[in-house]
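Visitor: I am attaching a structure below and will ask some questions about it afterwards.
Coordinate-derived values only; no laboratory data. Nothing here was measured: the structure is a model prediction, and the numbers come from that model. Note: ideal-geometry Cβ built from the backbone for every residue, glycine included; neighbour counts use all protein chains shown.
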Amino acid sequence: MKTILMIMIASSFLNFLTALPARENMVNAQLIRRGISHPSVLSAMRKVERHKLVPDNMRRRAYDDSPLPIGYGQTISQPYIVAFMTEAILPEKNHRVLEIGTGSGYQAAVLAEIVSEVYTIEIVKELGERAKKDLGELGYGNIHVKLADGYYGWSEHAPFDAIVVTAAAEYIPPALVEQLKTGGRMIIPVGSNFMVQQLVLVEKTEDGVRTRSLMPVRFVPFTREK
Amino acid sequence: MKRVPQALFLLSLSIIGFQIILMRILSVNQWDNFANLIISTAMLGFGSAGSFLAVFKKRLLRRADTLIPLLMILCPVFMLSAYRVSQAEAFRFDTYLVFFSAGHLLRLGGFILLYFLPFFLCALSIGLIYVRNIGSIGRLYFSNLAGSGAGGFAALVLLKYLFPHHALTAAAFFPFAASILLIPEKGRRIYFTAHALFAALITLSIISPLPPSMSQYKPLARTKLIDDAEVTVKKSGHHSLVHIIESGRLRHAPGISLNYAGHIPARPAVFVNGNAAGSIPGYHGDSDPLFENSIFILPYLISDRHKVAVISSGTGTFVSHAINAGTSEIDAFEHNADLLVAMEKWHKSNYPSVYSHGSVSLYNIEARAFLRNTDKNYDLIYLPSAGSFGGSSGLDALKENFNTTKEALAIYWNSLNENGSLAVTVYTDFPPRATLKTVYMLSEMLRSSGISDPEQHMIGVRSWNAVNFVVSKRPVCRETIKNVIEFCRNNSFDPFILSGISHEEKVYFNYIPGTELFDLTEKILKGDTSEADDYLFYIRPATDNRPYFSRYLRISKFKDLMQKFPINEIPFLELGYLIVWLTLIFSIIFSAVLTILPVAIHKSGGKKIPVLLYFGSIGLGYMLIEIIFIQRFVLYLGKPLYAVTAVLGILLVSSGAGSYFSDRIAPGGKKHAYALAAISSVLIFYLFALTPVLNLTSGANIGVKSVITLFTVALPGFFMGMPFPLGLKAVGNSDEDSVPWAWGINGFFSVIAAPLALIVAVEAGSFAVFSAGAAAYLTALVSVRKIKIR
């Protein structure tokens, strides 16, 4: 009973009471200590102004170690999950990446800091328009936002070196597999709102398509590490 | 006293109706987990009204003639206002955000206080009537309980024909009518403002109705955001609120092979109370490549299936699979009539339903009741899928599901012919819970049937996000193993359970790091369940005693959970269960402040401990027995709706009759004690006899079942109606000041009983709740002699 009480109170008030961490602190405390090591990913995470891509009332919590609600039943992923997903697709400077589910635009911005072109598709008009505006204001010329159904991918710009699906469906659209280059990687988070439980990496090889579950190491909270 | 019983009847009818309608509204715009919150809030109003009476009794009694009708008219004013305010953005809470933001936790607290007010006003008028007419309390209590019983039926009728927010408006008319009956001829002017307010709110509710604002995280709310999404059917009924949405962007293809390169067509999506219930399958004349390229074809690959039963067939996806597999006889069981009616409506203006196919017989009842009493045998029985893609944050944790209990599985197993199989699909979750619980459940079922090596009878095939299990009467032969391996290879699936398969083969196409899932599965299949029983999550099979398949959280493992998950994520593992704990905490706090504190400060009588024991016990006992009766009869009557209506109606009316009869019994005397002894005896007898009696007669027709339900519930119900009025009289005759205190105590324990009953049921089972109910009445029996001051 005591434990439950403690958890309920703590989980509701934890974020309320913590001070706003700076991006540098976020990178050091939430990412490096949990094993994110890709230099380009860390550099991108240091650079992207996450607080400018969240709703005004969430700004002071923008660098918290948690997902945040952005309206329309969507969340902006926890910074660690964004970094983990980005690292998992092994991004390179000359890559062309497709993102399904623009949401806040944060994942697209992180990708845009690393790769040459990011194509991102959002199905909810309001979210897509907001992300387009915010990303434009942040000066990302290499992000292309389309309001459409992600099911069809973006065949005009295919094939893609990698695909990041941020709004997972219970199936992987055949068009996405088709638009992924052989040797390319697609990453999909699986879980409910506010809790990504696993990440599924889809690899397209000469032999066919395979998946690999990736377990985030965040299950060991960073605050407990020495 | 003139017209008081009638007014009391109407008021009670309204308040129960209001509760049930509110439950529906919350289950639509939030989730099902708030029923207990509404019951507790109502009881909080009742308990607090008793305390208020204790403190201000003399002043209130002086103005009782004026106050009672005034309170009655204010009750619907606050009902309608509370609803409108609670829908405003600034006051609305969201289940998902309650554990994320302190603001939403406060809003939830505000929600309770907001809805506490109409219940408080209603209860205060009832309390005033009681205190004022203590000599006729039996008759009045009868009106109160009979009205409450009728309120359950009224709510169901209203919900059948009206959308929930309109039903709420309709329910507000009853207390208004009650007040009209009691308004004195002199001094009518003082009611003018209240009547004007009521008229204004009713007018506003009619000309500008306010549908419930849905949580942004509900699947229906999210689907409506899609540009071309259009609600083509909307149906409110007894069971639920059903929406059918069409959009060129809604597709449903669970379990599909990654190698499938064809098109996934858009399908209309069905939502029950705002939750996704599946999609409407294509016309049965079409071949279905989605089925042929999915894990769902597995049971049909293993053997020919001529007779198939689909449990909880919902939108008919699995029925469609059976048709596509060429099955000649399909029995589909779906208890939600509203879902079926909504689908029928949609199909009328589109293509024919799979349910209208010549090979399909649709039964609008719970499957196990049918299967238990039929000689029919099947080649395949498809169980309802477990879990959902990505999980639901544990919001279904406390949903009773008698279709996936150990006892249900035994019935299904016995309904198979000698070549028959059971099949079930589970969405994989991480850390694994549903998959392991299913393995445990199926393995136990096989062992109970005398099969010592379950692995020889089981096949599991895994895609990247789901596992399909097939359990057969005959051992899996080599030929089948070969076919399954080939099927997996062709579709990038992996064998999960298959005799003689190595670990590498189990993760070839869909790799999972670590071996915990596989090791535990292997151990469970071998009968070594010690590790599974000590697992981080509760994965033991559900039983009729604890029918919560989707409950995984273990209180004893909280510390271990905290080692593995960040603290702010733990609530999202099992929101549903934590919400019940939250309800209990809120109930205790609010109840202590609003019911106990006022009377504790206000000195009243010197018999607090016996009064506490007596009224606390009967308050707790009544609610525990009511809740557990509903659970037991859901299974017996085959439909939750019948169970809730029948149990509530019979229990309240028989209790009303008991309280009416109690006028003939001397309070605090021997017969008073006999009544309590009768309740305890009947409940103790029921503890052991009820389940066998219900099992024995489960095959009877609905007429016989209704008679058995009537007698079974009415017998204790009649006696359970006596202790409260007799106790009040006993206390009132000797120390009138203690009457409100007694009422307050009764209210406090009734407030905490609803969430408490659920927590005990989850942790220890319904048998334990029933035992606690019987023990509560024994405690009342022990304390009855001491509540009367001589």
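Visitor: Taking the Cα centre of each part, how many Å lie between the range B:161-199 and the range B:682-744?
Guide: Cα centroid of the range B:161-199 versus Cα centroid of the range B:682-744: 33 Å apart.
Visitor: Suppose R0 equals 35 Å. What FRET efficiency, 1/(1 + (r/R0)^6) with r the Cβ-Cβ distance, do B:Asp519 and A:Ser43 give to the nearest 0.05? List each step's numbers first, then the result.
Guide: Values: r = 40 Å, r/R0 = 1.15.
Efficiency computed from Cβ-Cβ geometry: 0.30.
Visitor: What residues qualify as long-range amide H neighbours of B:Phe496, i.e. H under 5 Å apart, gap of 5 or more or another chain, H built at 1.01 Å from N?
Guide: B:Gly460, B:Val461, B:Arg462
Visitor: Going highest first, how would you order B:768-776, B:103-111 by mean Cβ packing within 10 Å?
Guide: B:768-776, B:103-111
Visitor: Starting from the Cα gyration tensor of the range B:294-334, take the square roots of the eigenvalues, sort them a ≥ b ≥ c, and report rounded, prolate or oblate (rounded when a/c is under 1.5, otherwise prolate if a/b is larger than b/c, else oblate).
Guide: Working: a/c = 2.02, a/b = 1.38, b/c = 1.47.
Since a/c reaches 1.5 but b/c is at least a/b, the shape of the range B:294-334 is classed as oblate.
Visitor: Another one. Any idea how far the Cα center of the range B:203-234 sits from the one of the range B:257-324, in Å?
Guide: Comparing the Cα centres of the range B:203-234 and the range B:257-324, I get a distance of 28 Å.
Visitor: Give, in nm to one decimal, the length gained when the segment between B:Ile702 and B:Gln6 is fully stretched (0.36 nm per residue of separation minus the Cα-Cα distance). Write down the numbers at each step before the final one.
Guide: Details: separation 696, 0.36 × 696 = 250.56 nm, distance 3.25 nm.
Stretched out fully, the B:Ile702 to B:Gln6 stretch lengthens by 247.3 nm.
Visitor: With runs of 4+ DSSP H residues as the only contributors, calculate the mean residue ellipticity of chain A at 222 nm using -39,500 (n - 2.57) per run, divided by the residue total and rounded to the nearest 500. Each step should come with its number before you reach the end.
Guide: On the way: 6 runs with 63 residues, N = 226.
Per the formula, -8500 deg cm²/dmol.
Visitor: Under the definition of partner shielding as Cβ atoms of other protein chains within 10 Å of a residue Cβ, what is the mean value for peptide B:260-268?
Guide: Mean inter-chain Cβ contacts per residue within 10 Å come to 2.
Visitor: Enumerate the calculated ³J(HN,Hα) couplings along the range A:149-157 in order (Karplus 6.51 cos²θ - 1.76 cosθ + 1.60, θ = phi - 60°), each rounded to whole Hz, writing x wherever the residue is Gly or Pro.
Guide: Listing the rounded values in order: 8, x, 4, 8, x, 9, 4, 4, 10 Hz.
Visitor: Enter the mean number of other protein chain beta carbons within 10 Å of the beta carbon of each residue in A:118-129, as an integer. Kindly include the intermediate steps, with their values, before the conclusion.
Guide: Working: counts 0, 0, 0, 0, 0, 6, 4, 3, 1, 1, 0, 0.
Averaged over the peptide's residues, the number is 1.
Visitor: Quick one: if the Förster radius is 35 Å, what FRET efficiency do B:Lys564 and B:Lys58 give, using the C-beta to C-beta distance and rounding to 0.05? It would help to have the intermediate numbers written out before the result.
Guide: Numbers: r = 59 Å, r/R0 = 1.70.
That gives a FRET efficiency of 0.05.
Visitor: Quick one: angle between helix B:192-207 and the longest Cα principal axis of chain B, in degrees between 0 and 90, rounded to 10, please.
Guide: The two axes meet at around 20 degrees.
Visitor: Test of understanding: given chain B, find the longest segment containing no GluC sites (Glu not before Pro) that are in a DSSP loop and have at most 10 other Cβ atoms within 10 Å.
Guide: My reading of the result: B:186-790 is the longest stretch.
Visitor: Working from Cα positions, state the angle (0 to 90°, nearest 10) between the long axis of helix B:102-132 and the longest principal axis of chain B.
Guide: It works out to around 40 degrees.
Visitor: What span do the alpha-carbon atoms of the protein assembly as shown cover on each of the three principal axes, reported in whole Å from largest to smallest?
Guide: 92, 68, 60
Visitor: Rounded if a/c is under 1.5, else prolate if a/b beats b/c, else oblate: with a ≥ b ≥ c from the C-alpha gyration tensor eigenvalues square-rooted, which is the range B:669-782? Don't jump to the answer; show the numbers that get you there.
Guide: Values: a/c = 2.39, a/b = 1.65, b/c = 1.45.
Verdict is prolate for the range B:669-782.
Visitor: Based solely on its DSSP helices, what 222 nm [θ] is calculated for chain B when runs of n ≥ 4 H residues each add -39,500 (n - 2.57) and the sum is averaged over all residues, nearest 500 deg cm²/dmol? Please list the in-between numbers first.
Guide: Values: 31 runs with 453 residues, N = 790.
Estimated from H runs of four or more residues: -18500 deg cm²/dmol.
Visitor: Return the percentage of antiparallel bridges among DSSP beta bridges fully within the protein assembly as shown, rounded to the nearest 5 %.
Guide: Numbers: 49 of 86 bridges.
Approximately 55 percent, going by the DSSP bridge assignments.
Visitor: Rounded to the nearest 0.05, what FRET efficiency do B:Val593 and B:Val782 have when you use their Cβ-Cβ distance and R0 = 35 Å?
Guide: Numbers: r = 29 Å, r/R0 = 0.84.
Efficiency computed from Cβ-Cβ geometry: 0.75.
Visitor: Any of B:Lys406/B:Lys473; B:Lys58/B:Lys670; B:Lys523/B:Lys564; A:Lys125/B:Lys348; B:Lys2/B:Lys729; A:Lys181/B:Lys218 with alpha carbons more than 25 Å apart? Name them for me.
Guide: Details: B:Lys406/B:Lys473 17 Å; B:Lys58/B:Lys670 32 Å; B:Lys523/B:Lys564 23 Å; A:Lys125/B:Lys348 32 Å; B:Lys2/B:Lys729 21 Å; A:Lys181/B:Lys218 35 Å.
Over 25 Å Cα-Cα: B:Lys58/B:Lys670; A:Lys125/B:Lys348; A:Lys181/B:Lys218.
Visitor: Between B:Ile555 and B:Glu479, what is the label-point separation in nm under the 7 Å Cα-to-beta-carbon projection?
Guide: 5.4 nm
Visitor: Right, another one. Order the peptides B:253-263, B:68-78 from the highest to the lowest mean number of other Cβ atoms within 10 Å of their residues.
Guide: B:68-78, B:253-263
Visitor: Once you sort the root eigenvalues of the Cα gyration tensor of chain B as a ≥ b ≥ c, which label holds: rounded (a/c under 1.5), prolate (a/b larger than b/c) or oblate (the other case)?
Guide: Numbers: a/c = 2.10, a/b = 1.74, b/c = 1.20.
Note, shape of chain B comes out prolate.
Visitor: Another question, if that's okay. Give me the net charge for the shell around B:Tyr427: Cβ to Cβ below 15 angstrom, other residues only, Lys and Arg +1, Asp and Glu -1. Mind dumping the intermediate values first?
Guide: Values: positive: B:Arg433, B:Lys437, B:Arg462; negative: A:Glu170, B:Asp396, B:Asp429.
Combined, the nearby Lys, Arg, Asp and Glu give 0.
Visitor: For B:425-436, what's the mean count of beta carbons from other chains sitting within 10 Å of each residue's beta carbon?
Guide: Working: counts 0, 0, 2, 4, 5, 11, 4, 0, 0, 0, 0, 0.
Across the residues of B:425-436, the mean count of other-chain Cβ atoms within 10 Å is 2.
Visitor: Roughly how far apart, in whole Å, are the Cα centres of the range B:428-481 and the range B:340-376?
Guide: With the range B:428-481 and the range B:340-376 each reduced to a Cα centre, they are spaced 28 Å.
Visitor: Over chain A, what is the percentage of antiparallel beta bridges among all DSSP beta bridges, to the nearest 5?
Guide: On the way: 18 of 36 bridges.
Counting DSSP beta bridges with both partners in chain A, the antiparallel share is about 50 percent.
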